[in-house]
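*Asks:* My questions all concern the structure below.
The numbers here are math on the coordinates, done by the rules we state, and not lab data. Only a predicted model underlies this, so the values are computations on that prediction, with no experimental measurement involved. Note: ideal-geometry Cβ built from the backbone for every residue, glycine included; neighbour counts use all protein chains shown.
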């Protein structure tokens, strides 16, 4: 499964964020939450690229911290009690989530042969749509049938984001071991 579908698999944050930001605890315009999403989604990849560049190794290393930042900002939103903190959390989570999306897409473009690229990205998009629909259904079902508030559900999702963080760290560690093992001895001394 492409790494950029994992956040969607965990839950549809957009629906939860809108639900949370329209509860009596956090009052304000719904449009402000959408604006915060757009700011985060737009600035995240631009700032990450300016800071990290386009080197494959650095983009791969940015994946786990991005998952962790999404988790932390979900937790912040889940504990927020005002519009300012909630919007900061939304900007931060969408910035980190967009870094995941953009960097994973660029990494896929780097490794997928040209003749298969269209099929790979069509499959990725199809999986994303299916997972998005299922996660929206699951989030709505949880809010309707469990006795949890949107904030509690968002905090739970924040905790769940630790799983892909740890999973990516394990994958990267194994890939590093493999690359080190495959290197020639004279290359290791550099």
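*Asks:* Remind me, relative contact order of segment 57-190 in percent, using alpha carbon pairs under 8 angstrom and six or more residues apart?
*Replies:* Taking the mean separation of contacting Cα pairs over the length of segment 57-190, I get 41 percent.
*Asks:* How would you classify segment 37-189 from its alpha-carbon gyration tensor, with a ≥ b ≥ c the square roots of the eigenvalues: rounded for a/c under 1.5, else prolate if a/b is greater than b/c, otherwise oblate?
*Replies:* Because a/c hits 1.5 or more and a/b exceeds b/c, segment 37-189 counts as prolate.
*Asks:* Relative to a virtual label point 7 Å from the Cα of residue 179 in the Cα→beta-carbon direction, which members of segment 45-73 show backbone nitrogen distances below 20 Å?
*Replies:* Answer for this model: 48-68.
*Asks:* Quick check: residue separation of residue 171 and residue 141 times 0.36 nm, minus the Cα distance between them. What number comes out in nm?
*Replies:* 7.6 nm
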